[in-house]
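**Q** Would you mind keeping the following structure in view while I ask a few things?
FYI, it's all coordinate maths here, none of it is from the lab. These figures come from a predicted structure and were not determined experimentally. Neighbour counts run over all protein chains shown; Cβ positions are idealised from the backbone, glycine included.
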Amino acid sequence: MKKIQTQGVHHITLVGATRQSAIDFWEGVLGMPFIFEQPNLDNPNESHLYFDPGDGRLITIFTNEGRPIDPTPNPEGIGNLHHIAFSVSRSTFIETANRLNERGIKNTGEIDRGFMYSIYFRDPVGQRYELASYKFEPPAGATHAQVLFEAHKLRVAEGAYNIQDSHLADAIELLTQRNQGSLSDDREPKHAYPQRVAGP
């Protein structure tokens with residue numbers, strides 16, 4: 001028996017309320033272009049709206065004009081969705097709380113997760129979302145997941161509770177040395193300053 005190897009998220013589909021309420025939130029608040037629409041092929045009473053979350057993949061929403069907007073938080077029991085996280089740049093993240101507050105949307109404010117910054121809020125129909133901004137950029141040819149994999153191993157070896165900035169920096173250095181050759185025989189850290197250097 002062999003695995004069924006996935007290659008990324010194809011799309012996520014959520015149950016929404018009305019067509020316009022979905023467009024107002026996904027495009028009007030989160031800036032996701034509304035790219036196409038067709039009937040829900042499994043339910044002719046619903047429409048199926050497609051949005052681009054910024055990476056060319058898809059977020060899709062089933063809408064029904066007879067479904068009222070209900071802001072009651074979605075259940076969080078076993079098997080239920082807790083939240084979906086979307087990636088934003090650091091500059092966008094810095095503005096996120098203000099832009100949510102301007103709309104009267106309750107949010108957590110910035111939370112430091114060790115390897116990223118997060119902010120949480122709910123949509124008009126009660127689903128929780130996270131906007132996340134990584135603290136780091138991976139070295140050329142590597143992914144965020146590869147940096148986190150190496151940072152995790154460093155964290156465990158150190159006995160640290162969670163990933164810290166030092167683990168990320170050391171993981172980036174390790175991946176750079178592993179993926180990019182050098183003409184130097186000795187790539188160990190050096191002091192490089194034979195004399196004291198004046199301040200900046």
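**Q** Tell me, what are the semi-axes, in whole angstrom and largest first, of the equivalent ellipsoid of the chain as set by the roots of 5 times the Cα gyration tensor eigenvalues?
**A** Sorted largest first and rounded, they come to 42, 21, 16 Å.
**Q** Still on this structure, I have one more. How big is the gap, in Å, between the Cα center of region 53-75 and the Cα center of region 161-200?
**A** Rounded to whole Å, the Cα centres lie 46 Å apart.
**Q** Using R₀ = 30 Å, calculate the FRET efficiency as 1/(1 + (r/R₀)^6) where r is the Cβ-Cβ separation of E173 and R90; round to 0.05.
**A** After rounding to 0.05, the efficiency reads 0.90.
**Q** Over region 77-200, what is the mean sequence separation of C-alpha contacts under 8 Å (at least six apart), divided by residue count, expressed as relative contact order in percent?
**A** 19 percent
**Q** Take the alpha carbon gyration tensor of region 122-200, find the square roots of its eigenvalues, order them as a ≥ b ≥ c, and report rounded if a/c is under 1.5; if not, report prolate when a/b exceeds b/c, else oblate.
**A** prolate
**Q** Between R67 and K190, what length in nm is gained on full extension when 0.36 nm per residue of separation is reduced by their alpha carbon distance?
**A** Residue separation times 0.36 nm, minus the Cα-Cα distance, leaves 37.8 nm.
**Q** Taking the simple approach of a point 7 Å from Cα along Cα-to-Cβ for both Q164 and H82, what is their distance in nm?
**A** A separation of 2.4 nm, rounded to one decimal place.
**Q** When only DSSP loop residues count, what trypsin sites (Lys or Arg not before Pro) in region 153-198 have their Cβ near at most 12 other Cβ atoms within 10 Å?
**A** In loop regions of region 153-198 (DSSP not H, G, I, E or B), the sparsely surrounded trypsin sites (Lys or Arg not before Pro) are R187, K190, R196.
**Q** Determine the shape class of region 11-69: with a ≥ b ≥ c the square roots of the Cα gyration tensor eigenvalues, call it rounded for a/c under 1.5, and otherwise prolate if a/b is greater than b/c, oblate otherwise.
**A** Oblate is the answer for region 11-69, as a/c is 1.5 or above yet b/c matches or exceeds a/b.
**Q** Shifting gears a bit: Looking at region 1-32, which trypsin sites (Lys or Arg not before Pro) are in a loop (DSSP not H, G, I, E or B) and have at most 10 other Cβ atoms within 10 Å?
**A** Here the trypsin sites (Lys or Arg not before Pro) that fit, given the DSSP loop and packing criteria, are K2, K3.
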